[in-house]
Amino acid sequence: MALVLVVEDELTLAQTIELYLRNEGYKTERATDGLRALEIFNATSPDLVLLDIGLPKMDGLELIQKIRQKSNVPVIMLTARSEEVDELLGLGLGADDYLVKPVSARKLIARVKTVLKRSLVNPQNAEIIRVDSLEINTYSQEACVNRKPLELTPTEFRLLYHLAATPNRAISRSELYDYAMPESNAYERAIDIHLTNLRRKLKEAGLDNIIETVRGIGYRLKDKI
């Protein structure tokens, strides 16, 4: 039973979201300000965080940065305006998805299930992919370079896996979007932001330029660098 941390300063809305989640069998924790949310996050290690942007004491933008310093837990950002999604994408904060309030119970639950599913794997379908010094294990959901683990978000892991599964193949943004972010409301260019973060992490691990941009198409992962 997954634990979802709901971080929302509108108490009635937070309680309503918790009710939706609990009716679907999820456990929940709730925080109405950023500092308390960070305390609960550190104490409980939730499986997913629903995070509002506008919070007292510490806003959602600062909070997700602190979360990303220590964890790759899936995060769904809650925004008050659709325009904020574009702003968030530009910041490249590592959120896995975005929802614009008000949001229906059905859409909320569908998005939570989808994002959580990205971070899980069926052991029967597990595999290990090796490209150059990169190794991807779909059972443990880990990627390593020279046996040193990469700290990837679930979305970054899925993007890397999809690229590495067919090295040297040019893959369109739309295909990557459909694979890594199904049912998302985020713009297709969210893939560019996630790949920017992924490339940075690969470069820091010693695999610079293994993912290259294919002009007019999308991206490909080279089998050698």
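The values are calculated or read from the model by the stated rules, or taken from the named source; none is laboratory data. Values in this document were obtained by computation on a predicted structure and should not be read as measured data. Note that we place each Cβ from the backbone using ideal geometry, even for glycine, and neighbour counts take in every protein chain shown.
Condition check ((1) more than 23 Å from Pro154 (Cβ to Cβ); (2) crowded, with 22+ Cβ neighbours inside 10 Å; (3) of a type in the set (S, T, N, Q); (4) not assigned by TED's automatic domain parsing to the domain that holds Leu93) across all residues:
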| position | (1), (2), (3), (4) |
| --- | --- |
| Glu18 | no, no, no, no |
| Gly25 | no, no, no, no |
| Thr32 | yes, no, yes, no |
| Glu39 | yes, no, no, no |
| Thr44 | no, no, yes, no |
| Gly54 | yes, no, no, no |
| Lys57 | yes, no, no, no |
| Gln69 | no, no, yes, no |
| Pro74 | no, yes, no, no |
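Here the condition is being of a type in the set (Gly, Ala, Ser) and modelled with pLDDT under 90; of Ala43, Ala110, Ala31, Ala14, it holds for Ala110 alone.
Among all residues of the stretch 28-50, there is none that is among the charged types (D, E, K, R) and touching a Gly at 6+ places or on another chain (Cβ under 6 Å).
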